Amino acid sequence: MRPLSTVIKTLAVLDVLSSSPRGMRLPEIASAMNLSRPTAYQRLLTLIEAGWVEQDEDMRYRLSMHACRLAASALEHADLGTRTQPVLEELVRKVGETASLAVLDRGLPCIVSRVDTESLLRAEQKIGTTLSLEGSASGRVLAAFADEATLARLKASGEPFASEEVLAAVRIDGYAISSGYTRSGVIAIAAPIFDIRHRCLATLSLVMPETRFKLEAFKEPLLEAAAVITSIQQGKHR
C-alpha cells in the first residue's frame, strides 16, 4: 500500500506555517508552496476543519493550539515531558544558562523543550527551531551516537555531517561543542540521552553567548543532568 499523497501535501502546509514567526496570508502560503491560491485555500480549509489551523483578526492563517497539545503528548509518549522538566530547571538554576532538549525530526535536530536563563543576554532558540547536523552541538551528538538504521537515513537525506574525526571525538568525550559558525557569537554544548535499548533518543544542551562559555564549568553539570534524563527514560529513576 502507498501513503495518501493528498494528505501528505495538505499536511505540508503545517510545516510552512510553523516556519513563520507569525501568521501568514493566503498569497504568502501559496507562494511558499508554489501552489495556486485556490489549491492553497482548499488545503487550509481542510486543516481548519480538522482543528489544526485558524485565522487571526488580521485574516492571517496560523497553527492552532491543537498542535501544542499533540506536541506535549508526543513528549510524554517519549518520556521527555513533565518528568524531565525539573531536570532542565535544576540545570539552569545550577549553571545560569539556557537548557534545551532536541530530537531528530525529519533528519534534523529540533528543539522540543527549553528552559530559559533569567539573564538578559541569552541565545534565542524557540521550541520547534531546527538545527544543523554538521555544526550544531546537538546535531553532532545525534550523528555521532546514531544507530546504523538512523545513520543510513541521515546520510540518504543529503544533509552535511561533521567530519568523522569530529564525530569520533564526540563519542570519546561523551559530549559535543558547536562549531560556532551556525550562529555568530553563540556557542552550545550537548550530551546524548539514551533509551532503554541504548539508542540515542535526544540531546540535552546548554546554549549561551561565547563570552560566557567555560567548558569546565558546564561539562559536568550537563553530563550529570543528561545521565538523570537517561535513567528516567530507561525507567531506572523514580
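Kirkwood radius and radius of gyration were both taken over the C-alpha atoms of the chain, and their ratio Rg/Rh is 1.00.
If you run the Gaussian network model on the chain, springs between alpha carbon atoms under 10 Å, then out of E49, E134, E89 the most flexible one is E49. Any chance you could check the Cα centroid distance between region 12-72 and region 135-156 for me, in angstrom? Going from one Cα centre to the other spans 30 Å.
Taking the Cα centre of the chain as reference, the dipole from Cβ charges on Lys and Arg (+1) and Asp and Glu (-1) amounts to some 420 debye. Ordered by the count of other Cβ atoms within 10 Å of each Cβ, fewest first, R197, R212, R153 give R197, R153, R212.
Could you compute the net charge surrounding D147? Neighbours are other residues with a C-beta less than 11 Å from the C-beta of D147; K and R count +1, D and E count -1. Intermediate values should be presented prior to the final figure.
On the way: positive: R153, R197, R199; negative: E148, D195.
Cβ neighbours under 11 Å give a net charge of +1.
Every helix of 4 or more DSSP H residues in the chain counts as -39500 (n - 2.57), and over all residues that averages to -14000 deg cm²/dmol at 222 nm.
Bear in mind these aren't lab numbers, they're just calculated from the coordinates by the rules spelled out. Because the structure is predicted, anything quoted here is derived from the model rather than measured. Don't worry about glycine lacking a Cβ; one is built from the backbone with ideal geometry, like all the others, and counts go over all protein chains shown.
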